[in-house]
């Protein structure tokens, strides 16, 4: 059996276009903000169907800046899932607010209205649902709860819910363009998107040291701007995103048609969602044993969040004692299998065969 890597992606086909884009930036010497960043912001906002996109240095800064732009202040409570990458809660704590951890549905890996509402108090000032692994959390249900909703869409570029793009569902949303994401750049990069004119203006100030004119500083801000070289690369790759995501969904369909569900619990798509399959994450009662068996058969697989965020040492003061049974089940049983737009049908069949129990 041929080796099947966990990530089956490549930018080789876009080498020439990327080189030309980077050379264009070098020729203009407009490295900080400038026309490439503005053009990407306009193109990505149009793609998502939102009024504003503001490029920042990375997805973690995007979360912190967006929360502040939505009015979250020191001491405020922000409801976040624990089953996600650490940065979701880290950004809350980094601005002096308090992350309050909520549970997830272990079949979709996303929050629900019920899990969020259970965690809310009178001190809740925002909710941050995560579109984990490319699935889409039920944001419209959360907006009825009466506080701002900030989508963490770092893993869900190109996903949708009921025909509306992830990133255009809440009061604002954040993206990461880390090289492994569905829409990658060539290093670190991120963005905040929103329909709120005032929030967008504050994001623009905060990303540039809290200043609008480089001379008057009205906020304690950040040095967090999307690099012009990265924006140029993103402009080359954005037109490929829908095709890449369609190929990812084809892989997921092949896994289902080929009988993978006979060996593992397949991911359940949130009702009405169009999954982006940043990762293809299944569940199994002994996932680490399965990962070891897959490795022997030439297939890469791994768990991501075996220790959920509320059990991380740095979060002990916020949620160490939280009772989150869905999170614990998801953390214990999940396993990411190979996924990517270049994964072939034969490779998908190899993965299915490798997941079968040894006779």
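A single entry from 49, 123, 75 fulfils the requirement of being within 19 Å of residue 221 (Cα to Cα) and surrounded by fewer than 22 Cβ atoms within 10 Å (Cβ to Cβ): 75.
List the helices (runs of 4 or more DSSP H) inside segment 41-139, counting only whole elements, that have at least 1 residues being under 24 Å from residue 179 (Cβ atoms) and more than 15 Å from the chain's Cα centre (by Cα). In segment 41-139, 59-69, 87-94 are the helices (runs of 4 or more DSSP H) which contain 1 or more residues that are under 24 Å from residue 179 (Cβ atoms) and more than 15 Å from the chain's Cα centre (by Cα).
Of all residues assigned to segment 309-330, at least one qualifies as being at pLDDT below 95 and farther than 23 Å from residue 109 by Cα. Restricting attention to segment 146-172, the residues that are touching a residue at least 40 places away in the same chain (Cβ under 8 Å), part of a strand (DSSP E or B) and in contact with a strand residue (DSSP E or B) (Cβ under 6 Å, 6 or more places away or on another chain) total 5. When segment 331-359 is filtered for residues that are part of a loop (DSSP other than H, G, I, E, B) and at pLDDT 95 or above, the ones remaining, listed by number, are 338, 340, 341, 342, 343, 344.
From the list 228, 232, 191, which residue is crowded, with 17+ Cβ neighbours inside 10 Å, within 14 Å of the chain's Cα centre (by Cα) and under 23 Å from residue 50 (Cβ atoms)? Exactly one residue qualifies, and that residue is 191. Determine whether residue 249 is under 18 Å from the mean Cα position of the chain (by Cα) and either in contact (Cβ under 8 Å) with a residue 12 or more places away in the chain or assigned by TED's automatic domain parsing to the domain that holds residue 343 (or both). Judged against the criteria, residue 249 is a match.
Do we have residue 93 as surrounded by 22 or more Cβ atoms within 10 Å (Cβ to Cβ) and either on the phi < 0 side of the Ramachandran plot or modelled with pLDDT of 95 or more (or both) here? For residue 93, the condition - surrounded by 22 or more Cβ atoms within 10 Å (Cβ to Cβ) and either on the phi < 0 side of the Ramachandran plot or modelled with pLDDT of 95 or more (or both) - is not met.
The values are calculated or read from the model by the stated rules, or taken from the named source; none is laboratory data. Here the structure is a predicted model, which is why all the values come from computation and not from measurement. No Cβ is skipped: glycine too gets one built from the backbone with ideal geometry, and neighbour counts run over all protein chains shown.
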